[in-house]
Amino acid sequence: MEWIKKNLLAGNIQKNAKKFPLGLWIKCESCNGIIYKKEAEKKLDVCPKCQYHFRISAHTRINILIDPGTFQEHDAGVEPLDPIEFKDLKKYRDRMKASQKSTGLKDGIVSGDGLINGKRVMIAVFEFSFMGGSMGSVIGEKITRIVEAALNHRCPVIIFSSSGGARMQEGILSLMQMAKTSSVIARLKEAGLPYISVLTDPTMGGVTASFAMLGDIIMAEPKALIGFAGQRVIKETIREKLPEGFQRAEYLLDHGMIDMIVERKSMKETLSKLITMLT
Amino acid sequence: MINRHWLDFEKPVVDLEKKIEELKAYPTDEPDAHKSELVKLEKKANTVLKDLYSKLTPWQVTKVARHPARPYTLDYVRHIFDDFVELHGDRCFKDDKALVGGLATINGESVVVIGQQKGRKAKEMGYRNWGMPNPEGYRKAVRLMELAERFGKPVLTFIDTPGAYPGVGAEERGQSEAIAASLMRMSTLKVPLIATVIGEGGSGGALAIGVADRVLMMQFSTYSVISPEGCAAILWKDGTKADMAAKALRINAEELKRMGVIDKIVKEPVGGAHRAPQVAFKNLKAELVATLKKLKTLSTEELLDARYEKFRNIGAFVEGK
Ligand SMILES: [Zn+2]
């Protein structure tokens, strides 16, 4: 183990990544433990030492939840544009293309229908590694369409969020996705169809402040960071230390903001049970 | 002098206005001694001002939108409406002073008005929390919207906020939930809704009262997904690049109109609303009255369908295979 520790401590790793790929071993950012990669994978990418739930790809998530062979992806071809020709230090188009290449997705969400223990659901899952899961026009549109599909087929909706918030690179159009998605959720509620929102690490900003906090049932994965404003902004505003555990799933549960915290290994059974009870 | 707070880019006008003041104060026996000179200077000042304001950069517009002498929600409310009764509190926790609302009458018709409120003097700024509502503000807004719905009164909102307050208490009491709930509630509210951006339209905290049938915008206002400073800090890694971020984000009225996010730009007097507030009040009142009249011709069903479609259709993407 020593050489692994040395290697990790030498800083041969990117900052802020939650799971460091380093051959057979990974370091957990939450407990700093060094763990055997295969062991974490067997436990659905959960740290065996501290139960921290690592971020996982949208397709991995779907494989864990949806009955094998039943997932039908919707709107996979919907691609982002560059409506305001945005450029900061990099061009939006370049950031977009880099994320498309690394994830194999057109944008930061995968949606579709499938079965959970034999019950049909419409599901949308954020891909955090695509520009931080930021919500632009494509994500807003795909969420709206999956909810509209649920309205047409009269089935429940499950959305797994993981997002830094609205995508700045699409300017005001990103902000408006908050109104768009919240409006379609209103229709779902009027139709009496269940909507379960699952908040995973991290769910922030415009995503939290729209459809993600509008679930009939809101659940979170353990220790997920969930909030409206980022911690840096809050610290700069109030110039005080933040409380212990602030904006973590457990903190939100304690403050009455979510219904429950559900571990990844019991997620499918919990969703299945709730859907049965609501329909 | 109405305007004691100068913006850096206004310097050419400020210099001329100072000259005019000096000349006016200059002791003389002859009452009309400087008349022709004054007329000339005033004409010139006006031309320079007009010229400056005809080509403001997005960052300059941001400064005008944040001008401390710019009319705020209660200024518009007091001057546009014949009567106003403020209503307080969210019935849950407290009365948020950064978001005001109540019943008002316009042309003999009663409506509900709601808006973020900034403070002008140092003490009042803190009292109004710099126009940044806590969750209680948005819950008060929803309460007043539902009151409007029960009594069939249109709702007019006035948007002017740097954003929802980023604080520990705000997070603990559900800032996200409060904003989300307001967005969702507005989308199905069974009365006409008109939102006007009068100053700063700062992110989700602004949009929370902006899901309306018609969205108007005062000419020198801004409406943005993030503040230029915030965007610069994240993407340029340098908060001082706010001017570049303001440009890149396309936050001024003309760009937003072009993108179909707002419906109408309401003209401001030359040099901004703060230089001649009465003109701004008059222009907005005319627009509100005309818009209300149009919306009232629609049935509730037509109104709600159109509102849904309006926001449903915002977005830019291509349909691949
Ligand atoms: Zn761990």
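The values are calculated or read from the model by the stated rules, or taken from the named source; none is laboratory data. Everything quoted here is computed from the prediction, not taken from an experiment. Positions of Cβ are backbone-derived with ideal geometry, glycine not excepted, and every protein chain shown enters the neighbour counts.
Assuming B:E229 fulfils every condition listed in (1) of a type outside the set (G, A, S); (2) over 20 Å from B:K140 (Cα atoms); (3) in a loop (DSSP other than H, G, I, E, B) apart from one, which condition is it?
All conditions are met except number (3).
Quick check on this structure: which one of B:I194, B:I262 is in contact (Cβ under 8 Å) with a residue 60 or more places away in the chain, part of a strand (DSSP E or B) and within 30 Å of B:T300 (Cβ to Cβ)? Step through it out loud before you land on a result.
On the way: B:I262 fails: part of a strand (DSSP E or B).
Among B:I194, B:I262, only B:I194 is in contact (Cβ under 8 Å) with a residue 60 or more places away in the chain, part of a strand (DSSP E or B) and within 30 Å of B:T300 (Cβ to Cβ).
Yes or no: B:G152 more than 18 Å from A:A179 (Cβ to Cβ), surrounded by fewer than 24 Cβ atoms within 10 Å (Cβ to Cβ), facing chain A (nearest Cβ under 8 Å) and of a type in the set (G, A, S)?
Details: more than 18 Å from A:A179 (Cβ to Cβ): yes; surrounded by fewer than 24 Cβ atoms within 10 Å (Cβ to Cβ): yes; facing chain A (nearest Cβ under 8 Å): no; of a type in the set (G, A, S): yes.
Against the criterion (more than 18 Å from A:A179 (Cβ to Cβ), surrounded by fewer than 24 Cβ atoms within 10 Å (Cβ to Cβ), facing chain A (nearest Cβ under 8 Å) and of a type in the set (G, A, S)), B:G152 does not qualify.
Tell me, yes or no, whether segment B:155-165 has at least one residue that is touching a residue at least 60 places away in the same chain (Cβ under 8 Å), within 10 Å of another protein chain (Cβ to nearest Cβ) and surrounded by 24 or more Cβ atoms within 10 Å (Cβ to Cβ).
Step one: list which residues in segment B:155-165 are touching a residue at least 60 places away in the same chain (Cβ under 8 Å), which gives B:156, B:158-163, B:165.
Within this subset, residues satisfying the condition of being within 10 Å of another protein chain (Cβ to nearest Cβ) are B:163, B:165.
Those still in the list that are surrounded by 24 or more Cβ atoms within 10 Å (Cβ to Cβ) too: B:163, B:165.
There is at least one residue in segment B:155-165 that is touching a residue at least 60 places away in the same chain (Cβ under 8 Å), within 10 Å of another protein chain (Cβ to nearest Cβ) and surrounded by 24 or more Cβ atoms within 10 Å (Cβ to Cβ).
If you scan segment A:215-254, which residues turn out to be free of Cβ contacts under 8 Å to residues at least 12 places away in the same chain and either part of a loop (DSSP other than H, G, I, E, B) or among the acidic types (D, E) (or both)? Steps first, answer last, please.
Initial filter on segment A:215-254 (free of Cβ contacts under 8 Å to residues at least 12 places away in the same chain): A:232-245, A:251, A:254.
Those that are free of Cβ contacts under 8 Å to residues at least 12 places away in the same chain and either part of a loop (DSSP other than H, G, I, E, B) or among the acidic types (D, E) (or both): A:E236, A:R239, A:E240, A:K241, A:L242, A:P243, A:E244, A:G245, A:D254.
Would you mind telling me which numbered condition in (1) outside the structural domain of B:M217 (by TED's automatic domain parsing); (2) in contact (Cβ under 8 Å) with a residue 24 or more places away in the chain; (3) not β-branched (V, I, T) B:F317 fails?
The failed condition is (2).
Yes/no per residue for (1) more than 10 Å from chain B (Cβ to nearest Cβ); (2) within 24 Å of A:C50 (Cβ to Cβ):
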{"residue": "A:F228", "(1), (2)": "no, no"}
{"residue": "A:E236", "(1), (2)": "no, no"}
{"residue": "A:R239", "(1), (2)": "yes, no"}
{"residue": "A:G245", "(1), (2)": "yes, yes"}
{"residue": "A:H255", "(1), (2)": "no, yes"}
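Is it the case, given these coordinates, that B:A286 is surrounded by 20 or more Cβ atoms within 10 Å (Cβ to Cβ), among the aliphatic types (A, V, I, L, M) and assigned by TED's automatic domain parsing to the domain that holds B:G205? Don't jump to the end; show me each part of the working.
Working: surrounded by 20 or more Cβ atoms within 10 Å (Cβ to Cβ): no; among the aliphatic types (A, V, I, L, M): yes; assigned by TED's automatic domain parsing to the domain that holds B:G205: yes.
Answer is no for this residue.
May I ask you to verify whether A:K101 is under 30 Å from B:R250 (Cβ atoms), at pLDDT 95 or above and either more than 16 Å from the ligand (Cβ to nearest atom) or out of contact with any Leu (no Cβ under 9 Å at 6 or more places or on another chain) (or both)? It would help to see each step written out before you state the result.
Details: under 30 Å from B:R250 (Cβ atoms): yes; at pLDDT 95 or above: yes; either more than 16 Å from the ligand (Cβ to nearest atom) or out of contact with any Leu (no Cβ under 9 Å at 6 or more places or on another chain) (or both): yes.
Taking the combined requirement at face value, the residue satisfies it.
How many residues are surrounded by fewer than 20 Cβ atoms within 10 Å (Cβ to Cβ) and either within 10 Å of A:I159 (Cα to Cα) or in contact (Cβ under 8 Å) with a residue 40 or more places away in the chain (or both) when one looks only at segment A:115-127? Steps first, answer last, please.
Going residue by residue through segment A:115-127, those that are surrounded by fewer than 20 Cβ atoms within 10 Å (Cβ to Cβ) are A:115, A:117-120.
Those left that are additionally either within 10 Å of A:I159 (Cα to Cα) or in contact (Cβ under 8 Å) with a residue 40 or more places away in the chain (or both): A:115, A:117-119.
Selection size over segment A:115-127: 4.
Answer yes or no: is there a residue in segment B:211-222 that is in a helix (DSSP H, G or I), of a type in the set (D, E) and either crowded, with 22+ Cβ neighbours inside 10 Å or over 15 Å from the mean Cα position of the chain (by Cα) (or both).
Taking segment B:211-222 and keeping what is in a helix (DSSP H, G or I), we get none.
Within segment B:211-222 (the criterion being in a helix (DSSP H, G or I), of a type in the set (D, E) and either crowded, with 22+ Cβ neighbours inside 10 Å or over 15 Å from the mean Cα position of the chain (by Cα) (or both)), the answer is no, since none of the residues qualifies.
Of A:E29, A:E127, A:E85, which residue is within 14 Å of chain B (Cβ to nearest Cβ) and either away from the ligand (no atom under 16 Å from the Cβ) or over 30 Å from A:I146 (Cα atoms) (or both)? It would help to see each step written out before you state the result.
Working: A:E29 fails: within 14 Å of chain B (Cβ to nearest Cβ); A:E127 fails: within 14 Å of chain B (Cβ to nearest Cβ).
Among A:E29, A:E127, A:E85, only A:E85 is within 14 Å of chain B (Cβ to nearest Cβ) and either away from the ligand (no atom under 16 Å from the Cβ) or over 30 Å from A:I146 (Cα atoms) (or both).
Out of B:R91, B:R139, B:R150, report the one residue that is under 22 Å from B:M186 (Cα atoms), in the same structural domain as B:P269 (by TED's automatic domain parsing) and without any contact (Cβ under 8 Å) to a residue 12 or more places away in the chain. Give the derivation first.
Working: B:R91 fails: without any contact (Cβ under 8 Å) to a residue 12 or more places away in the chain; B:R139 fails: without any contact (Cβ under 8 Å) to a residue 12 or more places away in the chain.
On inspection, the qualifying residue turns out to be B:R150.
Of the residues in segment A:130-169, how many are at the interface with chain B (Cβ under 7 Å from one of its Cβ atoms) and not small (G, A, S)? Outline the logic, then answer.
Initially, segment A:130-169 is screened for residues at the interface with chain B (Cβ under 7 Å from one of its Cβ atoms), giving A:137-138, A:140-141, A:144, A:166, A:168.
From what is left, the residues that are not small (G, A, S) are A:138, A:141, A:144, A:168.
Number of matching residues: 4.
Against the definition (within 14 Å of chain B (Cβ to nearest Cβ), more than 11 Å from the ligand (Cβ to nearest atom) and surrounded by fewer than 15 Cβ atoms within 10 Å (Cβ to Cβ)), how does A:G69 come out, yes or no?
Values: within 14 Å of chain B (Cβ to nearest Cβ): no; more than 11 Å from the ligand (Cβ to nearest atom): yes; surrounded by fewer than 15 Cβ atoms within 10 Å (Cβ to Cβ): yes.
No: the conditions fail for A:G69.
Criterion first (surrounded by fewer than 24 Cβ atoms within 10 Å (Cβ to Cβ), away from every other protein chain (no Cβ under 11 Å) and not hydrophobic (A, V, I, L, M, F, W, C)) does B:K190 satisfy it? Break it down into steps so the answer makes sense when it comes.
Values: surrounded by fewer than 24 Cβ atoms within 10 Å (Cβ to Cβ): yes; away from every other protein chain (no Cβ under 11 Å): yes; not hydrophobic (A, V, I, L, M, F, W, C): yes.
Judged against the criteria, B:K190 is a match.
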